Amino acid sequence: MIKAVISGTGLYTPPATIDNDELVEAFNAFVEIHNGQHADEIARGELKALQPSSSSFIEKASGIKRRHVIDKTGILDPERMAPHIPERGNDEPSVQCDMSVAACKEALEQAGKTAADVDAVIVACSNMQRPYPAISVEVQAALGIEGFAYDMNVACSSATFGLQAAVNSVENGSARAVLVVSPEICSGHLNFRDRDSHFIFGDACTAILVEREEDTASGQGFEVLGTSLKTKFSNNIRNNFGFLNRGDETGIGKPDKLFVQQGRKVFKEVSPLVAETILSQLKGLSLAADDLRRMWLHQANLNMNQLIARKVLGRDADIDEAPVILDEYANTSSAGSIIAFHKHKDDLESGDLGVICSFGAGYSIGSVVVRRR
């Protein structure tokens, strides 16, 4: 039987950062401009005045302190409030390709491998910057990898769903090694004019190399013990942007063409579903929650992660058991749990168990149980 191993991980972090104070200053300037421009409608009761944000509100609601972004100036411009990312020519590498190549090179270096050792590339993330040709095929070409590549999107669970696909490819013999890449430019679909969500997302790219156990050095990486996927349809997290938008001009530019969510419903409905998924998977592997050394959870909301960890363990988890990176990176969609894994895996000892779990729109949940070799 072929066993799959995570032998290397990589991370690309955009150099620009925005802390909560900067974000709030820009948002509140926009609110003041908006309320001034619509003062008459507000006075007549025809329009509600927008309310200002605050750094304390953001940190209490989410645990986020700052985020990395592709572009800072456009987001902080009260007249624009969107990243400025110039289009590139068709003969130039795409932004997501550049991010992916940087993360992949680190993953390959960590694993002690080269592009010649890789058979496939899966680009798994919430948003692709174009429908086709696939970003993954572009990344494959940029790295000089033979074989095959494809894109996939399961929103915030994309990386773990991609990880399962890579594990399946390795274990069934269709590939000896697969790169799973998640170039998340979340600032591109975030409504920075919405008080309830303007602070949620950041940008980053992760890469994971999955390969046969026999091709890795003794004691290197993490053996994949099992994967578990679950989906349940919900409208509580949604983005209606798509190629059919021009078919009805009345919808162009509306808020639902960006990220929208009903946060309280998501918190209430997803948290128990995630905990149940992890516990059910552990039971199927004849493991118990107490066997887990670490949980690398989806980095969307600190309160949510703490609740999920409590439901899994039956007690509060400490920062070592459930590490947090969203204070630095904010929510990076599917990349979040992989960033946590990338930054907080090297101290585990041989035999230590952990679970990589992401969850989000769909609803979708992807859980991967691993053991340090």
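The values are calculated or read from the model by the stated rules, or taken from the named source; none is laboratory data. Everything quoted here is computed from the prediction, not taken from an experiment. Note that each Cβ is placed from the backbone with ideal geometry, even for glycine, and that neighbours are counted across all protein chains shown. Accessible surface areas use protein heavy atoms only, side chains included; no ligands, DNA or RNA. Shrake-Rupley method; radii C 1.70, N 1.55, O 1.52, S 1.80 Å.
Below is a table of values for the structure above.
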item: Accessible solvent surface per residue of the chain, calculated while the other protein chains remain in place, 1.4 angstrom probe, Å²; result: 45
item: Share antiparallel - DSSP beta bridges, the chain, percent rounded to 5; result: 70
item: Nearest-ten-degree value, helix 20-37 long axis tilted from longest Cα axis of the chain; result: 30
item: Nearest 10 degrees, 0 to 90: helix 302-313 Cα axis against the chain principal axis; result: 40
item: Heavy-atom SASA rank of V369, V324 (probe 1.4 Å, accessible area, largest first); result: V324, V369
item: Cα-based reach from K257 at 14 Å (exclusive), listing aspartates and glutamates while leaving out same-chain residues under 8 positions away; result: D194, D248, E249
item: Only Lys, Arg (+1) and Asp, Glu (-1) charged, at Cβ; the chain dipole about Cα centre in debye; result: 1100
item: Prolate/oblate/rounded label for the range 227-288 (Cα gyration tensor, a/c 1.5); result: prolate
item: Positive-end residue of A317, P83, A165, charge dipole of the chain with Cβ unit charges; result: A317
item: Cross-link table K3/K265; K105/K232; K3/K105; K72/K232; K65/K311, entries beyond 32 Å C-alpha to C-alpha; result: K3/K265; K105/K232; K72/K232
item: Global geometry of the range 123-182, whether rounded, prolate or oblate, following the gyration tensor of its Cα atoms and the 1.5 cut on a/c; result: oblate
item: In the range 9-94, GluC sites (Glu not before Pro) in a DSSP loop with at most 14 other beta-carbon atoms within 10 Å; result: E46, E79, E87
item: Qualifying trypsin sites (Lys or Arg not before Pro) in the range 88-164, DSSP loop, other Cβ atoms within 10 Å at most 12; result: none
item: Rel. contact order, % - alpha carbon contacts under 8 angstrom, at least six apart, the chain; result: 23
item: For the chain, with +1 on Lys and Arg beta carbons and -1 on Asp and Glu, the positive-most of S280, V118, G351 along the dipole; result: S280
item: The range 329-370-the range 263-292 distance, computed between alpha-carbon centres (Å); result: 13
item: Ranked order, H198, H342 - accessible area, probe 1.4 Å, largest first; result: H342, H198
item: Largest-first ordering by accessible area, 1.4 Å probe, given options D91, D256, D290; result: D91, D290, D256
item: Cleavage-rule hits (chymotrypsin sites (Phe, Trp or Tyr not before Pro)) in the range 220-293: DSSP loop, at most 12 neighbouring Cβ within 10 angstrom; result: F233, F243
item: Whole-percent carbon and sulfur share, accessible surface of the chain, 1.4 Å; result: 50
item: Rounded to 5, percent antiparallel among DSSP beta bridges of the range 97-227; result: 45
